[in-house]
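Okay, structure first, notes after.
Just so you know, all these numbers are worked out from the coordinates, no wet-lab data involved. Treat the numbers as computed from the prediction; the structure is a model and nothing was measured. Here the Cβ positions follow ideal geometry from the backbone for every residue, glycine too, while neighbour counts run over all protein chains shown.
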Amino acid sequence: MKPPPPHHVPAPASALAHSLDPELNFRGEPAPWGPPSIVVDAVEDRASQLAALRAGLFEHPAQISPKFFYDAQGCALYSAICELQEYYPTRTEAAIFDRYRGAIARRLPRGAQWVDLGCGDGAKSWPWLEPVGARRWLGVDISPQWLRISLDAGTGRFPDVEFVGVATDFTKPLRLQRVLRRSPAPAVFFYPGSSIGNFTPAEALVLLRSVREHLGADGRLLIGVDGVKERHVLEAAYDDALGVTAAFNLNVLRVVNRELGADFDPRRFAHRAVFNPHAGRIEMHLVSREAQTVRIGHDERHFDDGEAVVTEYSYKYTAQSFSALLRDAGFGALQHWSDDREWFHVFVAAPA
Ligand code: AVJ
């Protein structure tokens, strides 16, 4: 792995940790992986995450949070999904970004602190850093492994940009004030990929309001959100001919087996993706193919034939409905870009 260039002097993890307010319950961990620093927020501890996973399985209907999709196998399958012919969101958003990059960048402040929410490998950020003349890049992700990868990639490519990773679970309230420098660099929050769709509209509103609270007058939000469209297009995107999304969905049972000592047999469940037009969401389920009893740790959970486990909601918005949500969250001066079919929406929003 390429070491950071010599003139890039990253803040030591300990220095950053001390700049954090203990009341906010941030704790800087000595970065065993070396510079640049990774700050670990109060990520819910593993035990309580697993307790919630277990509790969800005993509910009616049973549910598994989509955050459990993304083990190594799940991440590989998700990457494969993004290459599928039927899965249009990734490439549609990329095409909008490529086509309108200059126009979008002109709506963003120069010299920004670029905050990538759910940065993954960081690849979606890189094409923006030069056009906006970013000074800092803050990758926010639940996975320190992803942060390590994105920070290595970024520092190698952009020696003049300061890189910071923040490991946090932003299904919990965002508290990035202490890692964001105050003036003079305005913050740009970047939330691509329609990841906001995994939140209910009420939860999305909470997250957007919290982003809004992090922005000074010059700050902006750049966000991508998937559009409502014909049912057959949506359902094909979540139930592809090759069965990659089915494998992605079923893989969560292997995660559950490993994490909870359960004995789900993926062969005994079927993938199902349905568009629920009233709720405005794609729903992914795992449907029991037969009556069966599954062991979960020391307990047992019976599933009827046809009983469903809810694994993911992916909410879809129209340009109008998402504009309304942004306004509700305290944003205004909305700018909107879309593809010719209006399948995917990109917004730049400023504090109202
Ligand atoms: C990562 C939440 C944007 O909802 O489209 C893809 C996840 N699930 N195929 C989405 C997903 C099934 C994806 N997001």
Contact list, first residue from the range 66-80 and under 13 Å from residue 143 (Cα atoms), second anywhere and within 12 Å of the ligand (Cβ to nearest atom), beta-carbon distance below 6 Å, six or more apart or interchain, is 68/252; 69/252
Single match in 294, 287, 233, 225 (criterion: within 30 Å of residue 206 (Cα to Cα) and away from the ligand (no atom under 12 Å from the Cβ)): 233
Can you name the condition, by its number, that residue 190 falls short on among (1) closer than 30 Å to residue 283 by Cα; (2) of a type in the set (Phe, Trp, Tyr); (3) assigned to a helix (DSSP H, G or I)? (3)
Looking at the range 185-216 only, could you name the residues that are within 13 Å of the ligand (Cβ to nearest atom) and more than 18 Å from residue 328 (Cα to Cα)? 192, 193, 194, 195, 198
Search result, residues across the range 243-258 that are within 13 Å of the ligand (Cβ to nearest atom) and either in contact (Cβ under 8 Å) with a residue 60 or more places away in the chain or of a type in the set (Lys, Arg) (or both): 244, 245, 247, 248, 249, 251, 252
From the set of residues in the range 68-85 that are of a type outside the set (Phe, Trp, Tyr) and surrounded by 17 or more Cβ atoms within 10 Å (Cβ to Cβ), which is nearest to residue 297 (Cα to Cα)? 74
Is there a residue in the range 84-97 that is within 16 Å of the ligand (Cβ to nearest atom), in contact with a Cys (Cβ under 8 Å, 6 or more places away or on another chain) and either closer than 20 Å to residue 285 by Cα or of a type in the set (Phe, Trp, Tyr) (or both)? no
Single residue of the range 259-272 satisfying the filter (free of Cβ contacts under 8 Å to residues at least 40 places away in the same chain and surrounded by fewer than 19 Cβ atoms within 10 Å (Cβ to Cβ)) that is nearest to residue 283 (Cα to Cα): 272
